[in-house]
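Structure record follows, encoded as structure tokens.
The values are calculated or read from the model by the stated rules, or taken from the named source; none is laboratory data. All values derive from a computational prediction rather than experimental measurement. Here the Cβ is made from the backbone with ideal geometry for all residues, glycine too, and neighbour counts use every protein chain on show. Areas reflect the complete protein model, heavy atoms only, side chains present, ligands, DNA and RNA absent. Shrake-Rupley method; radii C 1.70, N 1.55, O 1.52, S 1.80 Å.
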Amino acid sequence: MPDQTYCDRLRQDTAFLTSNGRLSEQLVDKIILQLNRVYPQILTIKEAEKFRNPKAPLHSRLSNLIAHLKKKGDKPCQEFYRALQINAEHLYNNLPSRKVLSPTFFLACFSIAAGLAFFMYCCNPGNKSLIFSPRLE
């Protein structure tokens, strides 16, 4: 959806991302380090250390990271998606927010179905349609 912000997308994808086994500890660490090194204004060293704390469960660290990014605004959420795409493209491509089909897709499917129905209607030999009937004068 073109008018959907990155924060909206992250809200939509949170359950998918935090589900068990979806993101490994190493992958979460890579994303945190990338956000910290490339964009220290998004994730400070202290924040990065908090989210990388091995004593806390991975699920809660990831949930806290996502909540933190959503509070900071759209740019940090966008950079999270960029880090996810760089480090786990297969996972990025399967996100629920990327699976939304455009209206053009539905229009194309409807057009094909309507064309097929029209074709079958017109080509049925037992059908006395108005299209193939002789003109009365």
* To do: Having 3 or more residues that are more than 17 Å from the chain's Cα centre (by Cα) and at pLDDT 95 or above is the bar; report the helices (runs of 4 or more DSSP H) wholly within segment 34-94 that clear it.
  => 45-51, 58-72
* Taking Lys99 as the residue in question, decide whether it is open to solvent by 50 Å² or more (accessible area, probe 1.4 Å) and either under 23 Å from the mean Cα position of the chain (by Cα) or under 21 Å from Arg9 (Cβ atoms) (or both). => yes
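For every residue, the table says whether it meets (1) without any contact (Cβ under 8 Å) to a residue 12 or more places away in the chain; (2) out of contact with any Asp or Glu (no Cβ under 8 Å at 6 or more places or on another chain); (3) surrounded by 15 or more Cβ atoms within 10 Å (Cβ to Cβ); (4) more than 17 Å from Asp8 (Cα to Cα).
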site: Asp29; (1), (2), (3), (4): no, yes, yes, yes
site: Lys46; (1), (2), (3), (4): yes, yes, no, yes
site: Ser60; (1), (2), (3), (4): yes, yes, no, yes
site: Lys71; (1), (2), (3), (4): yes, yes, no, no
site: Arg82; (1), (2), (3), (4): yes, yes, yes, no
site: Glu89; (1), (2), (3), (4): yes, yes, no, yes
site: Phe110; (1), (2), (3), (4): yes, yes, no, yes
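For residues in segment 1-23 being surrounded by 12 or more Cβ atoms within 10 Å (Cβ to Cβ) and among the hydroxyl-bearing types (Ser, Thr, Tyr), which is farthest from Ile66 (Cα to Cα)? Can you show your working first?
Looking only at segment 1-23, we keep the residues that are surrounded by 12 or more Cβ atoms within 10 Å (Cβ to Cβ), and these are 4-14, 16-18, 22-23.
Now drop any that are not among the hydroxyl-bearing types (Ser, Thr, Tyr), which leaves 5-6, 14, 18.
Values: Thr5: 15, Tyr6: 12, Thr14: 7, Thr18: 9 Å.
Applying the filter and picking the extreme gives Thr5.
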